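What follows is one structure encoded as structure tokens, with my remarks underneath.
Read the figures in this text as sums done on the coordinates, not as results from a lab. No experiment lies behind these values; they were computed from the predicted model shown. We place every Cβ from the backbone using ideal geometry, glycine too, and count neighbours over all the protein chains shown.
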Amino acid sequence: MKTDWIALAVIPVLALAALPLVGSMPTWVTLTVAGLAMGMMIFMMAAGLTLVFGLMDVLNFAHGIFISVGAYGAATVLTRMGAQMQGGTLAGDLSVMLPAVAAAIALAAVMGWFFERVLIRPVYGDHLKQILITMGGLIVFEQLIHVVWGADIIPLPRPGAITGSFILGDAAIERYRVAAVVVGLVVFAGMWLLLNRTRIGLLVRAGVENPEMVESLGYRIRRLFVGVFVAGSGLAGLGGAMWAMYQEQVTPQMGMQVLVVVFIVVIIGGLGSVGGCFVGAMLVGLLANYTGFLAPKLALGSNILLMVLVLLWRPRGLYPVGRA
Amino acid sequence: MKRLLSGDLPRSRVLAAILVLVFLGLVLAPFIFPGTRSLNVAAKVAVFILLVASYDLLLGYTGIVSFAHTMFFGIGGYGVGIAMSKLGAGWGSLSLGISISLVFSLAIALAIGLLSLRVRAIFFAMITLAVASFFQILASQLSELTGGEDGLTFRLPELLRERITAYYVVLAVATVLFLALLRVVNSPFGRVLLSIRENEFRSEAIGYRLVTYRTVANCLAALGATAAGVLYALWLRYTGPDTTLSFNIMIDILLMVVIGGMGTMYGPVLGATLFVVAQNYLQDLMKLASGATAGIPLLPQVLHPDRWLLWLGVLFIVCVYYFPSGIVGRLRR
């Protein structure tokens, strides 16, 4: 498949167009890094959703729950093992961060497995019921989060090694944002390699195009479904954990709040397209930070504006996939 | 009577009895349940019956999921609120506020419908969610106009200040509009909507334009929600994000319509009544249950009064799986 460079070029065009508006180079660098970091986190949260939609034609309105659960999982580990982080060494921080992130991914993945198995399996192929059932799941699990972790905001200590910022030229860059960009790029590269260079990826891509054909060739598409769903939920958990550390707090509603942005990203990218999701997430992240600096009142609405513009240009998103 | 209900009779003795009971309860509420709290509950039931019934026109009859219903509800509320607080408590500003909000709702419903109903139902659901959250942001940002998070408190014309009168105005308008919705779904237009829900491909093949019918349904539902918003604002004499635009209300509406019964106008009546009453009185019951199980681990938290939504959520899922036509479908069996 030929890469669609025009849609990809929108990212640098947007970034460069913002430069004269922002006015000063150091501010622009700071904003761009912040935007990319935000975009990477949104991408992690959105990737599972778009892939699940592409492969199984299921739009999971409860995806936000995986984000929240990941955040809470990480928060639990971080607050329990907080003492080890006081040393301020990178090794000490990592010894807490890694279990925290692993807990987030594992918890969200288990939830995803449960969700697919119990709630979504009986309603494949029926969009109306899917939306209703996943909304019901969202209600119940958000309440269960209240039961398990309480309704209060949990403040989250961020490990010392990745807080603070360093100076590059004249621009102050937060360490955490760089870390988020690195993790995001690793995840994206990993997904790209998995989807394009392995047999599993081949099957998944074939499944997105034509599930019946894959099945008739003797592959169990059901197993692929479950695998993708669990992996997507785990990614959402990772994204949620990183988002929580970025915000330095966890609330039961955070998943739902982020989900609106995630939906916008998925629509912009084209339902089912991982590459489109990546581009969409970058655009949303960058635009949110630029408008946050230039016109704070507009910032929250900028996503919607972006979505409308993209849909007027390409009605099915930047990278439309397979079936209409 | 048959004319009044547009030929759509309850078709079940129990259902008919419950409906009569609900109606009588609402009409006689100021006399048989004295007190501010119960009158508030009764008014909320009346408003939400209209709100949920107009949502059912979309979800149950046309088979499309919208998350922007609270947005239209809010437009009605804010239309009245802004007009009354900026232009003074007269009938002129009241009617101006109502007409502006109705026209505004219609325009937005038309725009959303034409933009996104061409594609798939699932797309519409996502777009409406995004637009609705945009409105929520707008309402909290334009605080000079909307009062921001605090909302708007306003005064009404002399006649509506009397609580009992206000209650009967709300009830009367809600009843008339509900009967109008019943008329719509039992008209030839309503039949076409049903056929689209059942099989869009065939309906299109017969020659009905899907986009047109879906968009008109979306506009009608939006107008119904706006009217409900107007009524609710009139009753509360207040409009704010938490009473109109909040996503929680959208979830409440979904719960009401599914538990009551999709695809019949009587479902929303049962759903809204049950839900609002549960919202106000179930918590007392749960407090007792939570206290009684105090010694056992986890159970008290699960039965905690604030967790009532958990149980309604479980009921919701059970309904979607096993009783897709809700309580009403069950009673009609």
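Descriptive notes on the structure:
- With only the Cα atoms considered, chain B has a convex hull volume of 153 Å³ per residue.
- Spin-label zone in the stretch A:279-301 - amide nitrogen under 16 Å from a point set 7 Å from the Cα of A:TRP313 along the C-beta vector: A:279-288
- Under 19 Å from the Cα of A:LYS129 - aspartates and glutamates, other chains or at least 8 residues apart: A:ASP57, A:GLU116, B:ASP56, B:GLU198, B:GLU200, B:ASP252
- Using θ = phi - 60° in the Karplus curve 6.51 cos²θ - 1.76 cosθ + 1.60, the 3J(HN,Hα) couplings for the stretch B:43-59 round to 5, 5, 4, 4, 5, 6, 4, 5, 4, 6, 4, 5, 6, 5, 4, 7, 6 Hz; x is entered for Gly and Pro.
- Calculated FRET efficiency, A:ARG121 to B:GLU158, Cβ-Cβ distance, R0 = 60 Å: about 0.50 to the nearest 0.05.
- Rg/Rg_globular for the stretch A:42-313, with Rg_globular taken as 2.2 N^0.38 Å and Rg from C-alpha atoms: 1.02
- HN-Hα J in Hz across the stretch B:206-217 - Karplus 6.51, -1.76, 1.60, θ = phi - 60°, x for Gly and Pro: 5, x, 8, 7, 4, 4, 4, 5, 5, 5, 4, 4
- Near the amide H of B:MET262, within less than 5 Å, lie the amide hydrogens of B:GLY326, all on another chain or at least 5 residues away, with H placed in the peptide plane.
- Scaling the Cα radius of gyration of the protein assembly as shown by the globular reference 2.2 N^0.38 Å produces a ratio of 0.99.
- Simple spin-label estimate for B:THR212 and B:ARG11 in nanometres, 7 Å along Cα-Cβ: 2.8 nm
- Note, ³J(HN,Hα) from phi for the stretch A:310-316, Karplus 6.51, -1.76, 1.60, rounded to Hz, x at Gly and Pro: 4, 5, 5, 7, 10, x, 10
- Taking amide H as placed 1.01 Å from N in the peptide plane, A:SER165 has its amide H under 5 Å from the amide H of A:ARG175, each at least 5 places away in sequence or on another chain.
- Cα-Cα pairs of the stretch B:209-330 separated by more than 20 Å (percent): 57 percent
- Rh by Kirkwood over Cα pairs, then Stokes-Einstein D for the stretch B:122-166 at 1.002 mPa s and 20 °C, µm²/s: 164 µm²/s
- 5 angstrom amide H check on A:GLN249, placed H, neighbours 5+ away: A:LEU156
- Whole-angstrom gap from the stretch B:132-168 to the stretch A:132-191, using each part's C-alpha centre: 36 Å
- The sum of -39500 (n - 2.57) across all DSSP H runs of n ≥ 4, divided by the residue count of chain A, sets its helix-only mean residue ellipticity at 222 nm to -24500 deg cm²/dmol.
- The modelled label-to-label distance for the pair A:ASP4/B:ARG330, using points 7 Å beyond Cα in the direction of Cβ, is 4.7 nm.
- Estimated from helical segments only, the mean residue ellipticity of chain B at 222 nm is -25000 deg cm²/dmol, where each DSSP H run of four or more residues counts as -39500 (n - 2.57).
- FRET efficiency estimate (nearest 0.05) - Cβ-Cβ, A:LEU19 to B:ALA292, R0 56 angstrom: 0.30
- Stokes-Einstein D (µm²/s) once Rh is taken as the Kirkwood radius of the stretch A:202-324 over alpha-carbon pairs, at 20 °C in 1.002 mPa s: 131 µm²/s
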